Amino acid sequence: MASGKKSGGRGYCPLPLFHVNAEVVGVLSSLAARASVILDLKMTRHRFWQSMEEWNITWINLVPALLTLLIKDGSYASFRSQRIRFLRTASAPLPSSVKIAAENMFGIEVVQSYGISEACGPVTVNISGSEKPHSVGMPDGVEVTLLTNGEIGIRGPRVIDPAWGPNEWAQSRYIDGWYRTGDLGHFDPDGNLYIDARVKDVINRGGEKIFPAEVESVLLSHPAVYECAVVGRPNPVLGEEVVAFVVAENLPAIEHELRSLVATQLSPYKAPAAYLMVNQLPRSGTGKILRHHLIQRSSQPA
């Protein structure tokens, strides 16, 4: 669970302590590794890397949304650190284009992991130096399987027990002894896990299943796209159609470029039917995109 932390190292965590990521990965695993951690609830991207150097940080704990902000801020394109060993992300899928851009831009390895509060933190951890850099790693103290619909199921001594309470909600989440996480994923032949999407976020366009993260990764590879989120909008014929919410300085000027980019990298049925410009994406206190807000907005008249 220490995820590559070393004794005497110093971590950086800007995440709120009401979330298991900050509590377990940021604080408890640092203590287990006899390392220190700086909790910074006033993170600003404008002085981010200067602060890392001033505080002698050796590893960083971020969510994908914050990492995206850093790579889209061009003021750090030439930053390099000899001290920082890796940057860890969790709590939401990390678009492959963001991971690649961050590693190329900052020269720091980006390590992914996957966890949920109901398992008291990490479920799988991808170690530093892994040969499967886009995976979230292998199970760490928890059994992991794929259920019949491709949903990730977990079990183990630190997974929520429906007998406590008893907990009717937790009971409803179990099937054949496995806790249903609500996430879809797949394994490679070596047993590494990859996260595809939240079950509730998958877009069904005429029977074709579309994972939002796949489309978002392509859109984020465009240098003018600051942030984006892809959702399904009701369609009377197809059931749903793809809509992209984009944070960019001038979306009308680049929309044709985005359509061309998607056309060259994705199947036609995955292409957004509409691109809607927004100033910012709605997020929860832990940085997760509130997609249900966007779905409601996508159905409103322009």
Problem - Filter result for residue 219 (in the same structural domain as residue 125 (by TED's automatic domain parsing) and crowded, with 18+ Cβ neighbours inside 10 Å) - result: no
Exercise for the section: Kindly indicate whether residue 140 is more than 22 Å from residue 172 (Cα to Cα), surrounded by fewer than 22 Cβ atoms within 10 Å (Cβ to Cβ) and of a type in the set (D, E, K, R). Expected result: yes
Practice task
Could you check residue 159 against (1) within 22 Å of the chain's Cα centre (by Cα); (2) surrounded by fewer than 14 Cβ atoms within 10 Å (Cβ to Cβ); (3) assigned to a loop (DSSP other than H, G, I, E, B) and say which number it fails?
Solution key: (2)
Problem - Some residue of segment 251-260 being modelled with pLDDT under 95, part of a loop (DSSP other than H, G, I, E, B), surrounded by fewer than 20 Cβ atoms within 10 Å (Cβ to Cβ) and small (Gly, Ala, Ser) - result: no
Fill in the blank from the handout: Note on segment 268-301: residues surrounded by 15 or more Cβ atoms within 10 Å (Cβ to Cβ) and of a type in the set (Ser, Thr, Tyr) are 269, 275, 286, 298
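Okay, residues lined up against (1) in contact with a Ser or Thr (Cβ under 8 Å, 6 or more places away or on another chain); (2) free of Cβ contacts under 8 Å to residues at least 24 places away in the same chain:
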{"position": "127", "(1), (2)": "yes, no"}
{"position": "136", "(1), (2)": "yes, no"}
{"position": "145", "(1), (2)": "no, no"}
{"position": "148", "(1), (2)": "no, yes"}
{"position": "152", "(1), (2)": "yes, no"}
{"position": "158", "(1), (2)": "no, no"}
{"position": "181", "(1), (2)": "no, no"}
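How about segment 162-187: which of its residues are assigned to a loop (DSSP other than H, G, I, E, B) and of a type in the set (A, V, I, L, M)?
Start the filter on segment 162-187 by keeping residues that are assigned to a loop (DSSP other than H, G, I, E, B), which leaves 162-167, 173, 176-177.
Scanning segment 162-187 gives a single hit, 163.
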Fill in the blank from the handout: Listed by first then second residue, the pairs whose first member lies in segment 195-223 and is free of Cβ contacts under 8 Å to residues at least 12 places away in the same chain, whose partner is surrounded by fewer than 19 Cβ atoms within 10 Å (Cβ to Cβ), with beta carbons under 6 Å and at least 6 positions apart or on separate chains, are 209/202
Exercise for the section: Considering each of 227, 240 in turn, give the residue that is within 26 Å of residue 180 (Cβ to Cβ), of a type in the set (Asp, Glu) and either in contact with a Gly (Cβ under 8 Å, 6 or more places away or on another chain) or in a strand (DSSP E or B) (or both). Expected result: 240
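The values are calculated or read from the model by the stated rules, or taken from the named source; none is laboratory data. Just so it is clear, the structure is predicted and the values come from calculations on it, not from any experiment. For neighbour counting, all protein chains shown are included, and Cβ atoms are generated from backbone atoms with ideal geometry for every residue, glycine included.
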